[in-house]
Each structure stands twice: as C-alpha cells, then as structure tokens.
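Here is the structure we will look at, set down as structure tokens.
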Amino acid sequence: MQSVKVVFHIDEVEKWPLLLANARNLIKVVDVKASSIVVLVNSKAAIIFEEQNAGVSSLDKEQANQGDLVKELAENGVEFKLCQNSLNGLGIAIDSLPVYVDVVPVGVLELIEKQADGFAYIKP
C-alpha cells in the first residue's frame, strides 16, 4: 500500500457527507500509519462539532451519523484541525470540542503550510 500526504478542506456543512465518504474510501487503500491525512475545517462546517458535543436536540440522524464517522476516521489516524477564527465566529468553545480535534489559529494559513509541505489539496 502506498502512503500519501493529503489535506481535505471543508467549509460548508452540506459537504460533510462527501468529504467523509472520500476520506473513508481513501483510508481503505493507503497505508494510514505511513500517511498523513488531515481534514481542515473552517467557516460554518465547524458547527458539526458544536452540535455533536452539546447534545443539541435539533441534530438529525444524518448529522449524528456524520459525527460518528468523524470519530471513526479520527480513531483510524485521520487528523481533524479546526480554525480558531471560525470557532470564535460561531461561538464554539474550544473546551467543548472532542479530544481528537486540534485547533489551529488560522485555517487558511494551515492550508498554505500543508500545501508548501507537499500535501495534496482536496475540496469536495
């Protein structure tokens, strides 16, 4: 199996199902331990983390399932990085986030750095 360096970028809530499917399919065919697979979350896409942690009753079945898939991917070596600016704008407290999420100060800077380090960029 080959190793990869890839950053998935998501900024729209509606794109979560496609991104999660792409990431899930990828980890089936690459050497995850030798790879670096990152999901960079900014803008309104970060809201999924607030909802899954706060136990918001408005969570529908699809959104709850997405939260489960995110956790599953994280447990399988996919890194999730959230933009601090986006969290601030959405009023999401860092201490309410799942333990498998890392917060970066500026999401777009993280994307620039990853691409400069040779990461492939994928935006569903």
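The values are calculated or read from the model by the stated rules, or taken from the named source; none is laboratory data. Please read these numbers as outputs of a predicted model, since none were measured by experiment. Please note: Cβ atoms are built from the backbone with ideal geometry, for glycine as well, and neighbour counts cover all protein chains shown.
Condition first: in contact with a Pro (Cβ under 9 Å, 6 or more places away or on another chain) and either free of Cβ contacts under 8 Å to residues at least 24 places away in the same chain or hydroxyl-bearing (S, T, Y) (or both). Now tell me which residues in the stretch 8-24 satisfy that.
A21
Going by the structure shown, is D11 modelled with pLDDT of 95 or more, of a type outside the set (A, V, I, L, M), buried (at least 16 other Cβ atoms within 10 Å of the Cβ) and within 25 Å of A116 (Cα to Cα)?
Yes, satisfied.
Out of the stretch 1-16, which residues are within 14 Å of Q66 (Cβ to Cβ) and of a type in the set (D, E)?
E12, E14 - these are the residues of the stretch 1-16 that are within 14 Å of Q66 (Cβ to Cβ) and of a type in the set (D, E).
I'm checking my understanding of the structure. Among residues of the stretch 86-104 that are surrounded by 11 or more Cβ atoms within 10 Å (Cβ to Cβ) and part of a helix (DSSP H, G or I), which one is modelled with the lowest pLDDT?
S96
Could you say whether any residue in the stretch 42-50 is part of a loop (DSSP other than H, G, I, E, B), at pLDDT 95 or above and surrounded by 12 or more Cβ atoms within 10 Å (Cβ to Cβ)?
For the stretch 42-50, residues part of a loop (DSSP other than H, G, I, E, B), at pLDDT 95 or above and surrounded by 12 or more Cβ atoms within 10 Å (Cβ to Cβ): present.
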